[in-house]
Amino acid sequence: MISLLKGKLIHRNKNEIILDVNGVGYQIFISKKVSDFINDKPTDVSSELTIHTHLDVKENSLTLFGFIDEKEKEMFKLLISVNGIGPKIAHNILTHISFEEIVSLISGSGLSYQIKIPGLGQKKLELISMTLKDKVYKIDIDADYKKSRQASAGNNDYARLEALNALMNLGYMRNEGEKIIREVLKANDPETKLTTEDIIRKCLEYISK
């Protein structure tokens, strides 16, 4: 079983990379977290990457799915344990929302109603939530995220999702909105908690530059 690969990034599409490991090119379907990591870091073709992987074995195919860490891989394995959720659907989920957003979806927090994943209806999302609600906290969730789950609805996670929803309503694609919000938050003092209105205002200022 291939559980981790370390090599040079030699090709990248939106949700897929090829990693050269000692002269062998591995095609890996990556999560949103891995994609964001590549976008945010000074990482380009020929950069070295370490990817946690899950090998899906079918009669006529071998497919590698890649994750930023073991925690995210465990979430993938939980998702494919749900009736009717195969590796492709689980990968689709992880290319659209982060680990933290999936936890919000499963736990039934106030953020879940904003989560929309192409090709996945509300009934299927509810099935995921019902099936995994008692299992998701067995994953070692970061202490910082545990604290944020206990914070008020005005925390940055909530505000970020609200702002993203507003940008999408203005006609921006999800990945475009996420990129704008990342740039805005990167320029902001991390100790300062921004409201939804603050983030939207800063996003509009960023767009108008």
Taking amide hydrogens as modeled 1.01 Å from N in the peptide plane, which residues meet the under 5 Å criterion relative to ILE30, leaving out close sequence neighbours? GLU16, ILE17, GLY66
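Which length gain, in nm to one decimal place, applies between ILE10 and GLU59 when the Cα-Cα distance is subtracted from 0.36 nm times their residue separation? Kindly include the intermediate steps, with their values, before the conclusion.
Details: separation 49, 0.36 × 49 = 17.64 nm, distance 2.82 nm.
Extending this stretch completely gives an extra 14.8 nm.
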Can you work out ³J(HN,Hα) from phi for every residue in segment 15-23, in order, using Karplus 6.51 cos²θ - 1.76 cosθ + 1.60 and θ = phi - 60°, giving whole Hz and x for Gly and Pro? 10, 8, 9, 10, 10, 8, 10, 6, x
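What is the gain in length, in nm to one decimal, between ILE2 and ILE80 on full extension, counting 0.36 nm per residue of separation less the C-alpha to C-alpha distance?
26.3 nm
Please compare each pair in LYS73/LYS186; LYS124/LYS193; LYS123/LYS186 to a cut-off of 30 Å on the Cα-Cα distance and tell me which ones are over it. Could the numbers behind the result be given before it?
Working: LYS73/LYS186 26 Å; LYS124/LYS193 33 Å; LYS123/LYS186 36 Å.
Pairs exceeding the cut-off: LYS124/LYS193; LYS123/LYS186.
Figure the gain on full extension for ASN169 and GLU183 (residue separation times 0.36 nm, minus the Cα-Cα span) and round it to one decimal in nm. Write out the running numbers ahead of the final one.
Details: separation 14, 0.36 × 14 = 5.04 nm, distance 1.93 nm.
Full extension of this stretch gives 3.1 nm more.
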So the label point goes 7 Å from the Cα of VAL21 along Cα→C-beta, right? Which residues of segment 51-89 then have their backbone N under 15 Å from it? 51-57, 62-70
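Laboratory data are not the source of any read-out in this text; all were calculated from the coordinates shown. Since this is a predicted model, take the numbers as computed values, not measurements. Backbone-built Cβ (ideal geometry, glycine too); neighbour counts: all protein chains shown.
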